[in-house]
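Working notes, structure below.
The values are calculated or read from the model by the stated rules, or taken from the named source; none is laboratory data. Computed from a predicted model, the values in this text were never measured in an experiment. All Cβ positions, glycine included, derive from the backbone under ideal geometry; neighbour counts span all protein chains shown.
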Amino acid sequence: MNSRMWRTFITLAALLVGSGAFMSAGHAQPAQKLPSALLIYPLIDTEGTRDTRIEIVNLSGDYVDLQCFYVHGDSCLEIGFFLSLTPYQPMAWTARRGTFDPFSGTAAPPFYGTGELKCAVVAPRNEVDYHNAIQGRATVYADDGQTVSYGAVGFQRLSPGPYTGIVELDGSTYAACPNRLHFQVQTNETLPNELILIPCDQDLILQIPTELTVQFLITNEFEQTYSASTGMECTGVFRFPEIASFLTRAAIGTDTAQMNVRGVQGPLLGLVIDAVDFSGTVGIAGNEPSFSGGRRATVQFPGFPR
Amino acid sequence: MAELFRILTMLLALFTQLLSQGPITPFPTPLPTATFTQPPATATPTPVPATSTAVPTRTSTPLPPTPTRTPTATATQISIIDEEDPTGFSVLGVPPAQKLPTAVLVYPLVSTRSGEDTLVEMMNLTNAPVTVKCHYVNAETCRGIDFFVRLTALQPIAWLASTGQSGNGLRIAPPLTAEQAELKCFVQPSSTSLSAHNALQGRAIVSDTDGQTVGYSAIGFRRLVAGSFTGRVALDGVTYEQCPDRLHFNALASQAGSDSELILVPCEEDLLRKRTTETVVQIAVINELKKQF
């Protein structure tokens with residue numbers, strides 16, 4: 001074989017391998033509003049007069065078992081429980097009271113304080129369809145009638161296999177965590193706008209809180225950008241001026257801004273509670289981010305009985 | 001020579017396998033560094049993940065197509081009878097992925113009924129300016145008002161539906177004169193590249209004088225192939241993502257002293273002729289005891 005043919009062969013081989021690597025590099029962010037294998041509720045709140053109504057629905061025609069954990073926002077300590085859903089069954093309970101169904105033996109304990117909830121499908125078979133079965137949402141409400149509703153963040157199972165309690169959010173086994181979160185926020189610092197962040201990575205076996213640095217990039221309506229960073233552990237709850245002193249209407253200069261949020265040590269999930277002044281009356285609403293990029297993380301659940 | 005041919009064939013097979021495997025990453029990716037970089041100039045579309053259907057696999061009816069990395073041509077979709085499904089039909093197609101930069105935004109509820117108002121929010125998630133063509137569609141008459149919104153790189157914008165928005169002496173969004181409407185917005189890209197289309201995210205907050213608020217994210221449809229914006233948005237799973245075949249709500253039953261509302265808008269719309277079309281809505285309700293209605 002002559003040298004010209006070898007050069008052609010090597011060039012072609014390099015192109016094939018290189019393009020394959022380029023196409024397969026990087027993770028996709030988790031697609032939402034689809035039947036999922038893992039649901040994460042970033043805000044469960046039973047402080048003071050508040051309570052949270054948690055809803056889960058089985059979107060499949062099969063029986064579904066779920067392994068769920070409340071995680072306390074202060075300590076990262078968890079409370080685990082199991083749920084069983086019949087085909088297409090919706091289920092709801094309030095976090096402060098919990099629930100118990102004597103027919104199925106399904107029970108959710110009461111939860112006190114502020115934290116998050118994670119629920120994973122314990123699939124009876126390896127096929128992906130048996131994992132991707134649930135959707136959920138939550139409504140935080142108070143005595144004054146103000147409510148904050150949001151959809152649980154869903155992660156689909158992407159490849160067949162058994163549920164082991166180790167949920168690899170790597171873009172291969174399960175969908176990856178988002179690399180960054182994009183919020184459109186109100187900048188009026190006199191109103192109780194809040195940002196809630198939780199780590200996507202979590203070890204519920206050892207329950208050791210890890211310190212995270214959170215980076216912010218804020219862009220106002222005039223395309224001016226500002227940056228900030230702060231630290232958090234299990235759950236970060238921030239009023240906007242607590243993130244940076246410039247996060248005020250006067251400093252930002254416009255009523256609304258785009259806020260990009262990224263965790264340095266690991267990916268994050270989160271929610272903003274918008275407070276909006278409608279002609280002198282302040283209303284609050286949940287503000288879910290859009291996602292960009294994908295980043296791997298692992299959620300380790302304590303063992304479950306087979 | 002035969003050896004060379006065999007090696008080439010193996011490499012081609014590997015390449016084809018990588019093409020078909022979607023988000024699987026045979027090559028490990030480096031962990032992100034601590035530096036926070038400016039968001040990329042292009043809003044990168046992501047491949048649709050594996051199956052998004054909830055169809056039980058025990059039925060004898062053929063499964064709907066699973067999403068693939070590249071858009072596939074879809075023939076006219078025909079409902080497939082499935083006796084195990086609560087609606088009696090199998091789920092068809094792939095719903096639009098949400099929470100991603102999109103080319104089309106649909107806000108199903110914009111209300112300025114007595115005592116109510118709606119804060120409409122939209123943001124450009126790309127590093128390039130974006131022109132957006134929007135239509136308010138009156139909920140009763142299907143007639144609309146259209147207007148343009150021009151966003152600079154990464155710009156967020158918000159306006160109250162009752163008052164609209166002006167800037168630099170120009171009207172950006174007109175006030176909504178109807179009591180209730182939907183809002184549809186379409187990216188008119190400056191180039192035909194895919195990243196120029198998929199640029200937006202949006203949400204809305206409806207509030208009344210009692211302080212009761214409803215916040216929701218606009219439903220997004222991504223452009224799937226490069227090309228120009230013609231004004232005809234084919235939500236066919238090839239040009240743009242498809243509409244969902246069905247919607248699943250976890251709803252509270254109506255009780256004394258509390259009530260819920262369901263708001264529906266047609267995914268298909270002729271904003272040119274503004275024709276009203278009658279649509280039959282099929283609803284299957286399942287309670288916590290597995291009883292279907």
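The residues listed here are B:87, B:118, B:141, B:152; of these, the one that is surrounded by fewer than 18 Cβ atoms within 10 Å (Cβ to Cβ) and modelled with pLDDT of 90 or more is B:152.
Residue A:98 - would you say it is at pLDDT 90 or above, on the phi > 0 side of the Ramachandran plot and not polar (S, T, N, Q)? Yes: the conditions hold for residue A:98.
Let's see how each residue does on (1) closer than 30 Å to residue A:140 by Cα; (2) over 17 Å from the mean Cα position of the chain (by Cα); (3) crowded, with 23+ Cβ neighbours inside 10 Å:
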| position | (1), (2), (3) |
| --- | --- |
| B:198 | no, no, yes |
| B:205 | yes, yes, yes |
| B:209 | yes, yes, no |
| B:214 | yes, yes, no |
| B:217 | yes, no, yes |
| B:222 | no, no, no |
| B:230 | no, yes, no |
| B:237 | no, no, no |
| B:252 | yes, yes, no |
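Of all residues in region A:278-292, those satisfying the criterion of being in a strand (DSSP E or B) and either in contact (Cβ under 8 Å) with a residue 40 or more places away in the chain or under 12 Å from residue B:99 (Cα atoms) (or both) are A:282, A:283, A:284, A:285, A:286, A:287, A:290, A:291, A:292. At least 3 residues being of a type outside the set (A, V, I, L, M) is the threshold, and among the strands (runs of 3 or more DSSP E) wholly inside region B:190-236 those reaching it are B:200-208, B:213-217.
The number of residues in region A:272-306 that are more than 8 Å from chain B (Cβ to nearest Cβ), closer than 22 Å to residue B:157 by Cβ and at pLDDT 90 or above comes to 3. Number of residues in region B:243-259 that are hydroxyl-bearing (Ser, Thr, Tyr) and within 12 Å of chain A (Cβ to nearest Cβ) equals 1. Looking only at region A:216-235, residues that are farther than 24 Å from residue A:41 by Cβ and either not hydrophobic (A, V, I, L, M, F, W, C) or not in a loop (DSSP other than H, G, I, E, B) (or both) come to 12 in all. Just so you know, in region A:94-113 the residues that are aromatic (Phe, Trp, Tyr) and surrounded by fewer than 17 Cβ atoms within 10 Å (Cβ to Cβ) include one that is farthest from residue A:46 (Cα to Cα), and it is A:103. Across region B:119-135, the number of residues qualifying as outside any strand (DSSP E or B) and hydroxyl-bearing (Ser, Thr, Tyr) comes to 1.
Yes or no, residue by residue, for (1) at pLDDT 90 or above; (2) small (Gly, Ala, Ser); (3) in a strand (DSSP E or B):
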position: A:6; (1), (2), (3): no, no, no
position: A:20; (1), (2), (3): no, yes, no
position: A:41; (1), (2), (3): yes, no, yes
position: A:57; (1), (2), (3): yes, no, yes
position: A:75; (1), (2), (3): no, yes, no
position: A:87; (1), (2), (3): yes, no, no
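Of all the residues in region B:131-148, those that are β-branched (Val, Ile, Thr) and under 19 Å from the mean Cα position of the chain (by Cα) number 3. Being among the aromatic types (Phe, Trp, Tyr) and surrounded by fewer than 20 Cβ atoms within 10 Å (Cβ to Cβ) is a condition met by at least one residue of region A:221-235.
For region A:236-259, the tally of residues that are buried (at least 22 other Cβ atoms within 10 Å of the Cβ) and either within 14 Å of another protein chain (Cβ to nearest Cβ) or in a loop (DSSP other than H, G, I, E, B) (or both) stands at 6. Does residue A:147 satisfy the condition of being facing another protein chain (nearest Cβ under 9 Å), among the β-branched types (Val, Ile, Thr), in contact (Cβ under 8 Å) with a residue 40 or more places away in the chain and in contact with a Phe, Trp or Tyr (Cβ under 9 Å, 6 or more places away or on another chain)? Yes. Just one of (1) at pLDDT 95 or above; (2) in a strand (DSSP E or B) fails for residue A:79. It is (1). The requirement of being touching a helix residue (DSSP H, G or I) at 6+ places or on another chain (Cβ under 9 Å) and facing chain B (nearest Cβ under 8 Å) is satisfied by residue A:156.
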